[in-house]
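Notes to accompany the following structure.
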Amino acid sequence: MKKACVIGYPIAHSRSPIIHNYWLKHYGLDGLYEKREVKPEALAYFLTNLKVEGYVGCNVTIPHKEAAIASVAHIDEIVRKTGSLNTVYFEDGELCATSTDGEGFYRNVQAAFPDIQLAGKKAIVLGAGGAARAIIERLIRAGAEVRILNRTPARAQELASLFGSQAKAINLDRFVTESSNTALLVNTTSQGMKGQSGPELELSALPKTAVVADIVYVPLKTNFLKQAEVHGLRTIGGLGMLLHQAVVGFEKWFGVRPEVTPELYQMVANDVARG
Ligand code: ATR
């Protein structure tokens with residue numbers, strides 16, 4: 001039997017086992033996906049001994065996404081650019097890592113709105129933390145002109161400087177002006193979690209074709225997305241990103257590229273609703 005796991009500290013909240021064990025059953029594979037609580041001081045030992053522990057790979061979540069880089073043999077270009085990883089696997093017996101958060105975000109948006117054109121269009125990213133960095137890296141590969149708006153402008157500037165001319169930091173007073181020709185607006189901050197009010201922005205200048213996304217998925221529809229709907233804009237929540245980011249790891253570990261089905265979405269959504 002092939003086994004994979006998710007490591008974090010704490011780890012009890014992780015919904016990754018629901019996703020991967022659903023796919024294992026769905027595709028009739030002899031495998032298991034577990035949750036493992038790993039304290040920061042035990043991280044390097046755990047990763048170095050991943051095979052001995054019986055795993056073909058693992059997901060890595062908070063607070064280990066940056067620190068884990070030191071314990072793998074190979075990182076790809078995405079990890080190098082984003083400074084964090086979330087998926088560890090073996091290739092030719094060596095421990096390798098990638099980050100699938102940006103890809104998960106991108107595929108989720110593409111799956112919901114196949115007509116969305118990002119190349120040469122503006123994408124406004126709210127926030128300048130780790131999640132923003134992962135999403136910006138993917139949006140830039142899609143050819144978008146990224147604008148970063150953050151509560152602390154210096155962090156937005158610092159992040160923009162990592163990505164060259166395709167990313168620029170903007171201040172709040174530029175938001176309305178920048179809204180024209182914007183294909184995507186995404187909230188990557190934790191604002192709006194658990195029913196708190198989300199970012200408050202003047203959304204009326206966004207083109208009606210724009211997609212407004214939130215990476216928060218508790219609640220499934222944030223106040224930010226509700227506000228966007230009032231303006232007649234298309235919206236997408238964060239749960240699909242969680243499902244799509246899992247696809248890459250599952251394929252590497254178990255050899256089948258799984259599908260994100262409405263049934264899977266509903267199953268995880270029900271778990272989120274249960275709290
Ligand atoms: P993550 O790695 O999950 O993205 P992070 O690195 O802590 O988390 O980043 C959180 C982001 O959410 C930051 O951009 C933060 O803004 P600051 O850089 O000004 O701290 C933003 N954020 C969190 N709470 C916020 C709030 N109440 N209002 C506005 N922005 C907020």
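The values are calculated or read from the model by the stated rules, or taken from the named source; none is laboratory data. Remember, predicted model here, so these are calculated numbers, not experimental data. Every residue, glycine as well, gets a Cβ built from its backbone with ideal geometry; the counts of neighbours run over all protein chains shown. With ligands, DNA and RNA removed, areas are computed over all heavy atoms of the protein, side chains included. Shrake-Rupley method; radii C 1.70, N 1.55, O 1.52, S 1.80 Å.
Against the definition (farther than 30 Å from Gly143 by Cβ and either assigned to a strand (DSSP E or B) or open to solvent by 10 Å² or more (accessible area, probe 1.4 Å) (or both)), how does Lys35 come out, yes or no?
Spelling it out, Lys35 is indeed farther than 30 Å from Gly143 by Cβ and either assigned to a strand (DSSP E or B) or open to solvent by 10 Å² or more (accessible area, probe 1.4 Å) (or both).
Is it the case that some residue within region 231-238 is under 18 Å from the mean Cα position of the chain (by Cα), open to solvent by less than 70 Å² (accessible area, probe 1.4 Å) and among the aliphatic types (A, V, I, L, M)?
yes
So, Pro207, is that one modelled with pLDDT of 95 or more and within 28 Å of Val60 (Cα to Cα) or not?
The answer is no for Pro207.
Residue under question is Ala111, and the condition is that it be more than 14 Å from the ligand (Cβ to nearest atom) and within 21 Å of Tyr217 (Cβ to Cβ); does it hold?
yes
How about region 178-199: which of its residues are within 16 Å of the ligand (Cβ to nearest atom), touching a residue at least 40 places away in the same chain (Cβ under 8 Å) and exposed (fewer than 15 other Cβ atoms within 10 Å of the Cβ)?
Answer for region 178-199, where residues must be within 16 Å of the ligand (Cβ to nearest atom), touching a residue at least 40 places away in the same chain (Cβ under 8 Å) and exposed (fewer than 15 other Cβ atoms within 10 Å of the Cβ): there is none.
Quick test for you: out of Arg151, Arg133, Arg141, pick the one residue that is open to solvent by 10 Å² or more (accessible area, probe 1.4 Å), under 16 Å from the mean Cα position of the chain (by Cα), more than 30 Å from Glu53 (Cα to Cα) and within 16 Å of the ligand (Cβ to nearest atom).
Arg133 is the lone residue from the list that is open to solvent by 10 Å² or more (accessible area, probe 1.4 Å), under 16 Å from the mean Cα position of the chain (by Cα), more than 30 Å from Glu53 (Cα to Cα) and within 16 Å of the ligand (Cβ to nearest atom).
With (1) more than 30 Å from Leu95 (Cβ to Cβ); (2) in a helix (DSSP H, G or I) as the list, and Gly249 as the residue in question, which single condition is left unmet?
Looking at each condition in turn, Gly249 falls short on (1).
What number of residues in region 38-71 are open to solvent by 40 Å² or more (accessible area, probe 1.4 Å) and hydroxyl-bearing (Ser, Thr, Tyr)?
Residues in region 38-71 being open to solvent by 40 Å² or more (accessible area, probe 1.4 Å) and hydroxyl-bearing (Ser, Thr, Tyr): 2 in total.
With the requirement that a residue be out of contact with any Leu (no Cβ under 6 Å at 6 or more places or on another chain) and either without any contact (Cβ under 8 Å) to a residue 40 or more places away in the chain or near the ligand (Cβ under 6 Å from one of its atoms) (or both), what does region 119-130 give you?
Result: Ala119, Gly120, Gly127, Gly129, Gly130.
Consider Leu225 carefully, then state whether it is open to solvent by less than 10 Å² (accessible area, probe 1.4 Å) and touching a residue at least 60 places away in the same chain (Cβ under 8 Å).
No.
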